[in-house]
Amino acid sequence: MSEELHRIKQALEEHLNAINENSSEIQALLDYVQEVELKVEKLSQRLDQLQLGSGNEKLAISPLNDEERRIFLVLYTEEAPLSFAEIAQKVALPEAIVPECVSSLVQKGIPLERSYSCNQLFFKLAPQFKELQAKENVVNLSLQSFMK
């Protein structure tokens, strides 16, 4: 009986060691993924800065449709990054439409900063672009855009 208990104890210790090794591997992978996310975020910010250029050349922003303009205004007036759901709520649009509109804004030349947290994507208007918009109205918004 004692020999059987000893074998069970050894099997449990081996199992525990395997679990500990797996936990260490998982932690190492998680650390690596977080490092990669940080680097991707930095690259995204650098790309946004490159899109803005040195400020010497005029930015070419394609005209925005009504939905894009409403989303742009929300991003322009918010300081914190917003998720698709938050944007949809603020502009009173179905959440399914928002990702397409955000993608369209980027394609039309609006530099957005992206961040990823808790399995959610967040967007924010690049601060340099926000300043440029305030000074030069590069998106060509009228007072009526704000009144809608």
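The numbers here are math on the coordinates, done by the rules we state, and not lab data. Because the structure is predicted, anything quoted here is derived from the model rather than measured. Cβ atoms come from the backbone with ideal geometry, glycine included; neighbour counts cover every protein chain shown.
Laid out as a table, the results:
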| quantity | calculated |
| --- | --- |
| Semi-axis lengths (Å, descending) of the ellipsoid that matches the C-alpha gyration tensor of the range 1-52 | 50, 4, 4 |
| Order by protection proxy (mean Cβ within 10 Å, highest first), peptides 129-136, 117-124, 4-11 | 129-136, 117-124, 4-11 |
| Estimated Rh, the chain: Kirkwood, alpha-carbon pairs, angstrom | 18.6 |
| Hydrodynamic radius (Kirkwood) for the range 66-147, which is based on Cα pairs only, to one decimal in Å | 12.9 |
| Residues Gln34 and Val106, FRET efficiency given R0 of 30 Å [Cβ-Cβ distance, rounded to 0.05] | 0.75 |
| Dipole of the chain, positive direction: furthest Cα of Ser23, Pro127, Pro63, with charges on the beta-carbon | Pro63 |
| Gained length - Leu50 relative to Leu141, 0.36 nm times residue gap less alpha-carbon distance | 30.4 nm |
| Label-point gap, in nm, between Glu67 and Glu131 - each point 7 angstrom along Cα→Cβ | 3.3 |
| Percentage relative contact order, the chain, counting C-alpha pairs under 8 Å, at least six apart | 25 |
| Straight-distance crosslink candidates among aspartates and glutamates, where the alpha carbon sits under 19 Å from Lys9 and sequence neighbours closer than 8 are dropped | Glu21 |
| Computed label-point distance, nm, for sites Arg7 and Ala92 using a 7 Å Cα→Cβ extension | 7.4 |
